[in-house]
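First comes the structure, then the notes that go with it.
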Amino acid sequence: MHSSASLSETHPDHFPKWEISLASQIGKWHIVGVRIIARSTIDSYAVRHPLTKASLDHWVLVARSAKWKSTSEVQAAFSKAKALNGERVRFEVAGGNHRMIVAFRFDLQIAFVKFIGTHANYDRVDALTVSQF
């Protein structure tokens with residue numbers, strides 16, 4: 001039998017709160033993390049540039065389970081990420097041959113993909129204002 005203290009730390013279906021966050025949406029449970037807009041952009045880029053697939057898949061996996069509150073928390077998860085300002089982060093993809101810029105709304109847990117391209121393409125955009133998609 002669980003003590004009342006341990007019950008308060010456990011979801012009714014016995015998922016520990018510290019292990020997984022759950023939310024109800026139309027009667028279904030799903031994992032809560034950063035919502036990525038637009039995931040299809042990442043997927044289509046990986047199809048066109050197959051060497052980026054593993055790196056982008058890893059980024060999506062980490063982001064979907066994250067609860068980031070700041071760019072410094074994002075950088076803690078991705079050591080080569082660079083905060084461009086309080087909301088935008090540049091990620092190295094596929095060993096730095098490609099770059100991705102993501103704008104975060106930390107209060108809403110949303111990541112907006114603003115740019116994905118080769119390093120050479122990245123050098124031609126303004127990372128603080130680009131909105132490729």
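Quick note: the coordinates plus some simple rules give every number you see, no bench work behind them. For clarity, every value in this text was computed on a predicted model and none was experimentally measured. Every residue, glycine as well, gets a Cβ built from its backbone with ideal geometry; the counts of neighbours run over all protein chains shown.
List of remarks:
- Computed from the C-alpha gyration tensor, the three semi-axes of the ellipsoid equivalent to segment 30-133 are 19, 16, 12 Å, from longest to shortest.
- Chymotrypsin sites (Phe, Trp or Tyr not before Pro) lying in DSSP loop within segment 64-93, provided at most 16 other Cβ fall within 10 Å: Phe78
- Calculated FRET efficiency for the pair Lys82/Asp57, C-beta based, R₀ 25 Å, to 0.05: 0.75
- Derived scalar couplings between HN and Hα for segment 34-50 equal 6, 8, 9, 10, 10, 4, 4, 5, 5, 4, 5, 5, 5, 5, 6, 10, x Hz in order, rounded to whole Hz, by the Karplus curve 6.51 cos²θ - 1.76 cosθ + 1.60 (θ = phi - 60°), x for Gly and Pro.
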